[in-house]
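Enquirer: Got a structure for you, questions after.
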Amino acid sequence: MSISDREAWQRASLERVLLKMDSLGFNAFVVTDLPSIRWLTGFSGSSARLLLTPRASWLFTDSRYRVQARDEVRVVEPVIDAEGFVAALHSGRYPLGGCVALQSDRVSWHEATRIIAAVDERCRVVPVDGFFDEFRMVKSPGELLLMQRAADISCQVLGEVIPMISSSMSECDIAAEISCRHRKLGAQKDSFDPIVASGPRGAMPHAQPSDAHFEPGALIVIDMGCMVDGYASDQTRTVGLGPVCAEAKEVYGIVLEAQQLGVRSARCGMRASELDGIVRSFIAGHGYGDAFGHGLGHGIGLEVHEGLHISPKGETVLQEGMVFTIEPGIYLEGKFGVRIEDTVVMEAGQARSLQNYPREL
């Protein structure tokens, strides 16, 4: 994404946010979560607060990021304040109006009470949950390019590490290789700690890699992703070290068919819960309904888990430009687990996978 394209996207996003604020009667908005701050301003530092008002907006950070804020931030005014953001609010230098919105889902109780105390005499503070979700769910062409690059890097890394799996390697060995190779290929970091789980440990959906070595005949679940210019990838493949048992082959086939059913079935205009239900019913119809306990997928973008939930309770209606995962799994305690995951984007009314790595066992 070019600098000019990024700035244009940020200005358009800021305008939509200000319009929503006006419709809800908010005179100002205190943004505390760093991914939304990056989405709106481009600032990638680890310490920032954003104050939005109809007439002007300010990014507050500290002296460590003076040069970075100057180079990255164009659509709002960077402020380096030695006394901190709460003191700046209390100073009265920044107009707040009568009603200030605060991200209740992205702020600690300690900070929230300090912010409320700083502005309490002048205005009312309103807690707001999920304010930016509807905007961040739909990705711009530039955002999709970055997400595709992240997906491509992870696919290449997966292709490099799978041939390394042997009985002389441990789960931690492969996880370390994933992290190192992500960076060597241009990613800034992993989007989450890689999951490498073999045999019975694969039945734990979020198992942490251990020093256990791979055993012949074991199924191995590898869940991994990376960050490129702030945007995440996420993918899972399950592989076998040599021939696997008949039950493992059968379960793998069910999960593979379920995952592809999910990709084929996704349509703009359907509710997220409907898509989840299609795949969940398929797995249940094969007798493994109780072994698929998590949602079918989740939104992804600047964070590896974003506001869109593809689950039995998912109320979001799928639309063009939304990006989310499709990742059914079957987990048999004491035996093995199988999960297959792609990240998909809704295009031309249906889902397109960002990953092209093979899905065969």
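Enquirer: Give me the extension gain from Glu83 to Ser166: residue separation times 0.36 nm, minus the current Cα-Cα distance, reported in nm with one decimal.
Expert: Between Glu83 and Ser166, full extension yields 24.4 nm more.
Enquirer: Separate question: With 32 Å as the limit, write out which pairs from Lys139/Lys184; Lys184/Lys249; Lys139/Lys249; Lys20/Lys313; Lys139/Lys189 have Cα-Cα distances beyond it, or answer none.
Expert: Lys184/Lys249; Lys139/Lys249
Enquirer: Take the solvent-accessible surface of the protein heavy atoms, probe 1.4 Å, and return the percent of it on segment 1-135 that carbon and sulfur atoms account for.
Expert: Its accessible area is 50 percent carbon and sulfur atoms.
Enquirer: Hey, what number do you get for the chain at 222 nm if only DSSP H runs of n ≥ 4 count, each worth -39500 (n - 2.57), divided across all residues, to the nearest 500?
Expert: Only helices count here, giving -11000 deg cm²/dmol.
Enquirer: For the chain, what size does the Cα cloud have along each of its three principal axes, sorted from largest down, in whole Å?
Expert: The Cα atoms of the chain stretch 70, 41, 38 Å along their principal axes.
Enquirer: Add +1 for every Lys or Arg and -1 for every Asp or Glu among the other residues with Cβ under 13 Å from the Cβ of His294, and state the total.
Expert: On the way: positive: Arg280, Lys313, Arg339; negative: Asp223, Asp276, Asp290, Glu327, Glu341.
Summing Lys/Arg as +1 and Asp/Glu as -1 gives -2.
Enquirer: Further, regarding this structure: Using a probe of 1.4 angstrom, how much of the accessible area of segment 138-353 is carbon and sulfur, in percent?
Expert: Carbon with sulfur: 54 percent of the solvent-accessible area.
Enquirer: Pulled fully out, how much extra length does the chain show between Gln319 and Ser46, if you take 0.36 nm times their separation in residues and subtract their Cα-Cα distance?
Expert: 95.1 nm
Enquirer: Please report the net charge: other residues with Cβ closer than 15 Å to the Cβ of Tyr94, K and R +1, D and E -1.
Expert: 0
Enquirer: Also: Hey, could you pull the Cα Rg and Dmax for segment 32-101, both in Å?
Expert: Answer for segment 32-101, Rg first and Dmax second: 11.5, 34 Å.
Enquirer: Residues with beta-carbon under 11 Å from that of Gln260, excluding Gln260: net charge, scoring Lys, Arg +1 and Asp, Glu -1?
Expert: Around Gln260, the surrounding residues sum to 0.
Enquirer: Comparing Arg55, Arg74, Arg122, which has the greatest mean-square fluctuation in the GNM of the chain with Cα pairs linked when under 10 Å apart?
Expert: Judging by the Gaussian network model, the answer is Arg55.
Enquirer: Would you mind working out the accessible area per residue for segment 22-153, using a 1.4 Å probe, and quoting it in Å²?
Expert: Values: 6260 Å² over 132 residues.
Accessible area per residue: 47 Å².
Enquirer: At 7 Å along Cα-to-Cβ for each site, give me the label-to-label distance between Ile116 and Val67 in nm.
Expert: Computed distance between label sites Ile116 and Val67 equals 4.1 nm.
Enquirer: With bins 10 Å wide starting at 0, give me the P(r) of segment 139-265 over every alpha carbon pair, in whole percents.
Expert: 13, 40, 34, 12, 1
The values are calculated or read from the model by the stated rules, or taken from the named source; none is laboratory data. For clarity, every value in this text was computed on a predicted model and none was experimentally measured. All Cβ positions, glycine included, derive from the backbone under ideal geometry; neighbour counts span all protein chains shown. Just so you know, the surface numbers come from the protein's heavy atoms only, side chains and all, with ligands and any DNA or RNA stripped out. Shrake-Rupley method; radii C 1.70, N 1.55, O 1.52, S 1.80 Å.
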